[in-house]
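Student: After the structure tokens below, expect a handful of questions from me.
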Amino acid sequence: MLNKIDVDSGEPIARRVYRVLRQAIVTMEFSPGQALSEQEIADQLGVSRQPVREAFIKLSEAGLLTIRPQRGTFVVKISVKQVLDARFVREAVETAVVRKACETITAAGLAELRDNIKAQWDIADEPAPVRFLELDETFHRTIAIGAECDYAWRIVEETKAQMDRVRYLSVPYATPIRRLIGQHQAVLDAIVARDPVKAEAAMGLHLREILTSLPELEGKFPDLFVAEDGPGPLPSQMPSKAPSRGRSRATALR
């Protein structure tokens, strides 16, 4: 059940609706494969159907919804190929960004990154994947802003929608938060040292973490992933032992 949005916040309603629905999809509040109703969502959010329709179209363009005329609108299941494609683009962009950050980021930017990592450590042992992923997002965005690469970050945001759902699943089920924070710390240490080679290597290692967690998650939650032709993870990226199959994240959240 979605909460009503504040229509008087000054932000365009369609943009707010889009953000709320994207978050609901990424955090599995809306299950992969679930049908969505424009009218029901409009009623829950306290808005007209028009901004919901606009948000549906934008989410469809982002690969999170599929709109089928005369049949309805459905949450798309997670595509392994699209996740791997997004990861490739993200690594290409963000390793270049972090190299530039080593040259351009200010003392204020470094202080913001230090505060961010401290906040990450403060919740390292708590079951708070949503809060951690918010901090993770801020960490990467702060580096991009510090590198004066705002446009590059917008490109990353537009390509990583499917990747975000896997990241949300991986935190409680496949990837220890402390490992991710340690990787963030290595990135920051390299930026502080103004060492672009180490910064690029640290960022690349961090963004390749999903290659380890993705096969495990696909094995644990097969109902959340779409079956598709084409190459999957490389053999070297597959787990040595088949992971156990448990309940889906979406079922667990009900």
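The values are calculated or read from the model by the stated rules, or taken from the named source; none is laboratory data. Keep in mind the model is a prediction, meaning the values are calculated, not measured. Methodologically, a virtual Cβ is constructed for each residue, glycine included, from the backbone with ideal geometry; neighbour enumeration extends over all protein chains shown. To get the accessible areas, we keep the full protein, side chains included, count just its heavy atoms, and leave off ligands, DNA and RNA. Shrake-Rupley method; radii C 1.70, N 1.55, O 1.52, S 1.80 Å.
Student: Taking just the alpha carbons, could you work out the radius of gyration and Dmax for segment 40-80, both in angstroms?
Tutor: Expressed in Å, the Cα Rg and Dmax of segment 40-80 come to 11.1, 35.
Student: So, one more: Can you list residues whose amide H is under 5 Å from LEU36's amide H, if they're 5+ apart or on another chain and H is modeled 1.01 Å from N?
Tutor: Counting only residues 5 or more places away or on other chains, the set is THR73, PHE74, VAL75.
Student: Using a probe radius of 1.4 Å on heavy atoms only, what accessible surface per residue do you get for the chain? Whole Å² is fine. Present the calculation step by step, with values, prior to reporting the outcome.
Tutor: Details: 12840 Å² over 254 residues.
That works out to 51 Å² per residue.
Student: If I build a Gaussian network model for the chain, linking alpha-carbon pairs within less than 10 angstrom, which residue out of SER37, SER79, SER170 has the largest mean-square fluctuation?
Tutor: Residue with maximal mean-square fluctuation among SER37, SER79, SER170: SER37.
Student: I would also like to ask the following. Roughly how many percent of the accessible protein surface of the chain is carbon and sulfur, given a 1.4 Å probe and a whole-percent answer? Walk me through the intermediate numbers first.
Tutor: Values: 6740 of 12840 Å².
The C+S portion of the solvent-accessible surface of the chain is 53 percent.
Student: So what are the ³J(HN,Hα) numbers for segment 131-148, from phi and the Karplus equation (6.51, -1.76, 1.60; θ = phi - 60°), rounded to whole Hz, Gly and Pro as x?
Tutor: Karplus values, whole Hz, x for Gly and Pro: 5, 5, 5, 5, 5, 4, 4, 5, 4, 5, 5, 5, 5, 5, 5, x, 8, 6.
Student: Taking the Kirkwood radius as the inverse of the mean 1/r across Cα pairs, report the Rg/Rh of segment 101-230.
Tutor: Dividing the radius of gyration by the Kirkwood radius yields 0.99.
Student: Right, another one. How big is the C-alpha Rg of the chain next to the rule-of-thumb value 2.2 N^0.38 Å, as a ratio? Intermediate values should be presented prior to the final figure.
Tutor: Working: Rg = 18.9 Å, N = 254, 2.2 N^0.38 = 18.0 Å.
Working it through for the chain, the quotient is 1.05.
Student: In addition: Around LEU65, which amide H atoms from residues at least 5 apart in sequence, or from another chain, sit under 5 Å from its own amide H, with H modelled in the peptide plane?
Tutor: Residues meeting the criterion, in which the H sits 1.01 Å from N, are SER60, VAL76.
Student: Kindly write out, for segment 173-182 in residue order, the coupling ³J(HN,Hα) from the Karplus curve 6.51 cos²θ - 1.76 cosθ + 1.60 (θ = phi - 60°), rounded to whole Hz, with x marking Gly and Pro.
Tutor: Those phi angles translate into 10, 9, 10, x, 4, 4, 5, 5, 5, x Hz.
Student: Give the residue from PRO32, THR73, LEU110 lying farthest towards the positive end of the charge dipole for segment 12-110; charges sit on Cβ (+1 for Lys and Arg, -1 for Asp and Glu) and the dipole is referred to the Cα centre.
Tutor: Among PRO32, THR73, LEU110, the one farthest towards the positive end of the dipole of segment 12-110 is THR73.
Student: Suppose each label sits 7 Å from its Cα in the direction of the beta carbon; what would the GLN39-GLU157 distance come out to in nanometres?
Tutor: Modelled inter-label distance: 3.4 nm.
Student: Work out the P(r) tail for segment 1-91: percent of alpha carbon pairs separated by more than 21 Å, whole number.
Tutor: On the way: 1290 of 4095 pairs.
Result: 32 percent of Cα pairs exceed 21 Å.
Student: Mind listing P(r) for segment 76-176? All alpha-carbon pairs, 10 Å bins, whole percents.
Tutor: Bins of 10 Å from zero give 15, 41, 36, 8, 0 percent of pairs.
Student: Using θ = phi - 60° and the Karplus curve 6.51 cos²θ - 1.76 cosθ + 1.60, what whole-Hz ³J(HN,Hα) does each residue of segment 197-204 get, with Gly and Pro shown as x?
Tutor: Those phi angles translate into 5, 5, 5, 5, 5, 5, 5, x Hz.
Student: While we're on this one: With each pseudo-label sitting 7 Å past Cα toward Cβ, what's the ARG71-ASP150 distance in nm, one decimal?
Tutor: Output for this residue pair reads 4.1 nm.
Student: What number, rounded to the nearest 500 deg cm²/dmol, is the helix-based mean residue ellipticity at 222 nm of the chain, given -39500 (n - 2.57) per DSSP H run of at least four residues and division by all its residues?
Tutor: -20500 deg cm²/dmol
Student: Further question on the same structure: Provide the gained length on full extension for the span ASP8 to ASP125, in nm with one decimal, where the gain is 0.36 nm per separating residue minus the Cα-Cα distance.
Tutor: That pair, ASP8 and ASP125, stretches by 38.4 nm at full extension.
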